[in-house]
Each structure stands twice: as C-alpha cells, then as structure tokens.
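Below is one structure; the comments refer to it alone.
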Amino acid sequence: MAKIGRNEPCPCRSGKKFKHCCGLKVAEKQVPLTPEQALKITLMGGVEDVQLAAENKKVVQKELGVFYFYSTAAGDAWLLEMTECDCVQLARGGERLEPPIDENPETIEINWSHTFAIQDKQFEMTAYADKVVSVLADAPSHEISAAVRRIRKKFTASELQQVHVTQPSE
C-alpha cells in the first residue's frame, strides 16, 4: 500500500484532506512506554541530561514529576523541587558539579542547598547554610512560576505531603 500524503484526500472518503481528518489521529497516537523503558526514566537521568546541556551551553527546560531542570546559555544548571520550592545547582559555568543525590528504587534523597521563590518576576533563592538571599537574573522565572502552579495542580494534597520526609530531631 502506498503512503498517503498530507494534502491528499483522506482514504476514509470524508472529502477532507488527510492532514485535517485521519492524519490528526495518526499524529496523536503515542507509543506507550514499556515497563523497562519507564524504569530507565530516573532523576539521575534527568540530571545527566541537564548537565550535558550546561556543558554545551544550551538552554534547556524539562519537567520530571515534581522536579524541574533548567540550564542556561552561561552553562549553569539547576534542579528544582516544585512542591516545597527547594533547589540545588548541578553545573556552573559549563562545569558539572557533583549532584548531592542518593537514588535507589525505593527512595530519592537530595541534600538541597537553597530554597527559591519568584518575587517581582525574579528568581530569588536563599541558601540553607548562611541564609544569604540572591537573585538569578538568567533563570527562566516566568516558566518556573508556571511550572510550580501546573505541578501543584497535578497532584493531590496527600500526594504532595508524601514527597517530603522530615528528618527526626536529634
């Protein structure tokens, strides 16, 4: 059978062009991930991707569950957790930094270095260590703000509470 062109009449005989009829259905079909492929999608995989983009000084933005990755043209890369507004730097000036992440099949532990907030359309972050507040001028603050709203709507309150496990006081 010959391949149908986008501008040819649809074979379902509706009288419409293929691209406006059944061609839309073909474009919408996505192949579901196999369980093996789904297991390969990990946080560290996302970290590797954004660090590689930072090394190449490419601007990248990516969401993975409650996490948001971005890299800048200056070669900086950050990992943000959108429910509690925590973040950690993954690359600086095109150089990879060691991610403070311990990931196994049951849990993900991340030693967050900063909290963040969008204030006056700017990305402000506060260091946990010394409480110094700084502004990242090249952060995609509009996209981050939209992602925070989108991700918080996607999950129920009980699901969001399960994301963080508090350390017992010593």
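Bear in mind that the values in this text are calculations on the coordinates, not laboratory data. Bear in mind that the values here come from a model prediction, so they are computed numbers and not experimental data. So basically every Cβ, Gly included, is an ideal-geometry build from the backbone, and we count neighbours across all protein chains shown.
If R0 is 41 Å, the Cβ-Cβ spacing of L52 and R6 corresponds to a FRET efficiency of close to 0.75. Multiplying each eigenvalue of the alpha-carbon gyration tensor of region 35-163 by 5 and taking the square root yields semi-axes of 21, 19, 15 Å, largest first, rounded to whole angstroms.
Using the Karplus relation 6.51 cos²θ - 1.76 cosθ + 1.60 with θ = phi - 60°, the per-residue 3J(HN,Hα) values for region 45-60 come to x, x, 4, 4, 4, 6, 5, 5, 4, 5, 4, 8, 6, 9, 7, 9 Hz, with x marking Gly and Pro.
The gain in end-to-end length when the E95 to A74 segment is fully stretched comes to 6.5 nm, 0.36 nm per residue minus the alpha carbon separation.
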